Amino acid sequence: MNTVLDWLDSPAPERGIHYYRNGEWHLRDYADIASAARRTAAFLHANGVTKGVVSLLIEEPETFVPAFLGTMYAGATPSPIASPVTFGGHEAFTEHAAAVLGAAAPAAVLTEERLAPLAAEACAKAGTGAPLILPDPAGLPADDGLAARPAELALLQFTSGSSGTPKGVRVTGDNLTANVRAIHGWLGVTSEDSCSSWLPLYHDMGLIGTFLGSVVAQIDLWLMSPVDFIRSPARWLDCHGRHGVTITTAPNFGYGYATSRVRDEDLAGTDFSAWRVAMSGAERVDARVVADFTTRLAPYGFDARILTPCYGMAETTLAVTGVRPGQGARIVRPSGPLDTGAPVTVAGSGTLGTDRPDDPAGWIASCGTPVPGTTVDIVDDDGTVLPDGRFGEIRVAGTSVADGYESPDPAASEVFGADGLRTGDAGFLLDGELYVVGRIGDSIKVRGRKVHAEDLEAALGTLPGIPPGRCAVALGSRDGRSEAVIVVEAPGDDWLDAAAGVLRAALDSTVRVTLVRSRRGTIPRTSSGKPRRRLLWQRAGDNTLTGDVLHRTHDGDRPERATTPGLDGAAA
């Protein structure tokens, strides 16, 4: 059986991973990485670990790579745990890690020296025993001719938890091999390509889309940490403008952040003409953000046609659909109600990266067509397939759909049906291309049409004074009445009147609205940075959401402008 480990037997010469460390790039070739992986497997065997799940609490990319591959080589199932930097504090992280360990029931927890105290605390809370601490590379045992024995369960990938408690997705060896091949087929990867990434390796997009996708193809990977990217996004762009790297992927936030932080002197002398794939996934694509990115880099050879929005999730291993490289991505603005089963009317269209809408609200970027081996349907509430151009739930089938959840709740895996995976995402197909509107549970009906939280967040995020990504909207119903809770992490209130105007235009008097100004870090987020809207809704309901209520509408009352600390009564 072909596996993602086959390359270890004959690693490509003079190719490998360029790690960004101490301000410089350092190459470790694939032969060296293969040796480190085999020796890590020997280390696990020496500690009695030959099967079962191995939870990986490792933040440093140069340590994570051989640990992940070595776990697979040893016959065990790797299960990465999110980095501590994604949580609000020490206690929040150890609680999360302990919950993940409780669900994973690992045979071992593998960590690095720097994170050993946190790992030990999480293990103690979960009752899993002391973690194994990886020694320095020189301290790893010889592999003594150890042969690869990959487990049937190739990966236990915990979901980011945007719609509830994180669950472990059971990714088989066949799933993983199929999805990596599908990504290669979709992108047309050849030996002439190379890839850059700053995405975290514990998350499916960074783990499978860039890391495994690169090592299986044996192409050069330029790998930096998310923290390094935040410090210097110009270093990421340098991969493409100075080193000729051809492929990358990032969420919408990454393109916007790079645009705002890169300086003219950073771009001087760069040439982006070799860059042929710029994927965008994990969150909604903002056409204005992408247009600004293209405008900034176009004088240096960047071509908007390389922009390739995509759609995927842990439950499908990773990739589901994607725009074909070089094709250019379409953007559309639907009009009228988006109701299940109803036809979608397109009031406007354009090209991503070329056209910049005056108002980004309501504009949706195509996520392309299904990757090889995958089919996508839009279905109604009963699971009946809807024709092209109709709105409903996205259902996915194919060789990459995972083998259910590892969860204490046996009902959790019911979304994995004989006809495919019910994703819980709403969208439509148009001329065979997928457009993703948002989570089904994150919407309410207003005047007969559905309003999605993502649309409101996009509109509010364009207002002066509201920093990008610092707004979250939770929608739902209490006491039989629709309600919207909006949290803005921004100082002052100069943005308040404009925000109230956006909400009035999108909602009506039947919807109770509470707008809260809070400190940065108040919005609960998943390990990949998405707002946890259900948790936000819960906190508003039980009055544990902190902040100042600046705007509130009551039953039948006119909106009031307030500066009252706390949320007492705000979500009654």
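In terms of surrounding Cβ atoms within a 10 Å radius of their Cβ, 158, 272 rank from fewest to most as 272, 158. Under 26 Å from the Cα of residue 167, which lysines turn up, not counting those fewer than eight places away in the same chain? Output for residue 167: 51, 125, 530.
Remark: 300, 311, 19 ranked as 300, 19, 311, counting other beta-carbon atoms within 10 Å and listing the fewest first. Magnitude of the charge dipole for the stretch 330-439, about its Cα centre and with charges confined to Cβ atoms of Lys, Arg (+1) and Asp, Glu (-1), is about 400 debye.
Take the Cβ atoms of residue 346 and residue 91, set R0 to 45 Å, and the FRET efficiency comes out at 0.40.
Exposure proxy for 240, 551: other Cβ atoms within 10 Å of each Cβ, ordered fewest to most, give 551, 240. Taken about its Cα centre, the chain carries a charge dipole of about 780 debye when Lys and Arg each add +1 at the Cβ and Asp and Glu each add -1 at the Cβ. Bridging of residue 445 to aspartates and glutamates at a Cα separation below 12 Å is possible for 339, 483, 508, once same-chain residues fewer than 8 apart are set aside. Helix 287-297 and the longest principal axis of the Cα set of the chain meet at an angle near 50°.
Among beta bridges from DSSP that stay inside the chain, the antiparallel ones total about 65%.
Read the figures in this text as sums done on the coordinates, not as results from a lab. Everything numeric in this text was worked out from a predicted model, so none of it was measured. Cβ: placed from backbone, ideal geometry, glycine included. Neighbour counts: every protein chain shown.
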